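So the structure is just underneath, and the comments pick up after that.
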Amino acid sequence: MGKIGIYGSSFDPITNVHLWTASTVAHRCKLDKVIFLPCSSKRKDKTMKTSDAHRWEMLQLAIANNHTFIADDHEMLQEAWEVYTYYTMEHFKEKYPDDEVYFIMGADLLVDIADGKWKYDQELISNNKFIVMARDEINMVKTISRSPILRNHDDGTKFHLIDKGLSMEISSTYIRDEFSKGGEPRYLLPDACYEYIKKHDLYK
C-alpha cells in the first residue's frame, strides 16, 4: 500500500513555493506520490487569469524532473456542478484503491470548513484523511476544537498538522501582480515557467 497526497490549487501560475511545499509534505508524511490537481476554470468562486491550456502546460514544465510529482487534469475536465472536493476524493480513492489517499490543504481551508463554507463537509471529513499546512496566525488545533464536524472526527489520524517551518506567503497572486506591474519575479517560480510566461506574454 502506498501513500498519495492530492494537492489542489489554481496553479495560476505554479510557484516555487508550491513545489517546495509539496516536496516537504512528501518527505515529512512519507508520501509516495503527490498529485497536482489544477482546479476547474468553471468554478463559480474562482476566476482564472490564464487559460486551462496555459496553466496545464506550466504545471507540466514545473514538475517534469520529479518522479514523485504527477499532474492530473480531473477537475479541469468536470462540469461546474460536479467540482466538489468530496467528489474529487471519491474519484481518487476509486482510482487508487490499494493506496492511502490524503487531501493536502492549507490551514485557511480548514478554517473555511470550520465556518461551514464547504459543500458536503460532513461526508468529506468523515470519509477522508487530511494533511494540513500551517498558515500565518491560524491556530490549527483551536480551529479543529471549535468545529463540531472537525473535532468529532479527530481520532488522532484524521488530520496530520504540519506547523513547523512550512509557512511561506509568496503566492501566485503576488507573482501575477509583479508581472502586470513590470516587476521581476523570476526566482519565485521555475525557470521554465518564467520563460513560458514571457514567451506567451501572460499576466500583463
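Just so you know, all these numbers are worked out from the coordinates, no wet-lab data involved. Because the structure is predicted, anything quoted here is derived from the model rather than measured. Virtual Cβ from ideal backbone geometry, glycine too; neighbours counted across all protein chains shown.
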Karplus-derived HN-Hα couplings along region 68-78 (A = 6.51, B = -1.76, C = 1.60, θ = phi - 60°), whole Hz, x at Gly and Pro: 7, 9, 10, 9, 9, 9, 3, 5, 4, 8, 8
Förster radius 22 Å - calculated FRET efficiency between residue 57 and residue 129, Cβ distance, rounded to 0.05: 0.10
Theoretical FRET efficiency, 1/(1+(r/R0)^6), r = Cβ-Cβ of residue 47 and residue 177, R0 22 Å, to 0.05: 0.90
Among 86, 11, 74 - extreme Cα towards positive end, dipole of the chain, charges at beta-carbon: 11
For residue 8, residues with placed amide H under 5 Å, excluding near neighbours: 37, 104
In Hz, Karplus ³J(HN,Hα) per residue of region 171-181 (6.51, -1.76, 1.60; θ = phi - 60°; x = Gly, Pro): 10, 4, 4, 4, 5, 4, 4, 4, 4, 5, 9
Assigned charges on the beta-carbon of Lys, Arg, Asp, Glu; the chain dipole about Cα centre (debye): 300 debye
Dimensions in Å of the chain - Rg and Dmax from alpha carbons: 16.8, 50
Neighbourhood net charge (15 Å Cβ-Cβ; Lys/Arg +1, Asp/Glu -1) for residue 71: -3
Residues of region 92-116 with amide N under 16 Å of the 7 Å Cα→Cβ point at residue 146: 107-116
Förster radius 25 Å - calculated FRET efficiency between residue 77 and residue 119 (Cβ-Cβ, nearest 0.05): 0.80
Cross-link partners of residue 119 among lysines (Cα-Cα below 21 Å; sequence separation of 8 or more within a chain): 42, 44, 46, 93, 129, 158
Net charge contributed by nearby residues that have their C-beta within less than 13 Å of residue 26 (K/R +1, D/E -1): +3
Value of [θ]222 nm, deg cm²/dmol, for the chain, DSSP H segments ≥ 4, -39500 (n - 2.57) each, nearest 500: -11500 deg cm²/dmol
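Classify region 43-139: rounded, prolate or oblate, from the alpha-carbon gyration tensor (a ≥ b ≥ c, eigenvalue square roots; a/c under 1.5 rounded; otherwise prolate if a/b is larger than b/c)?
rounded
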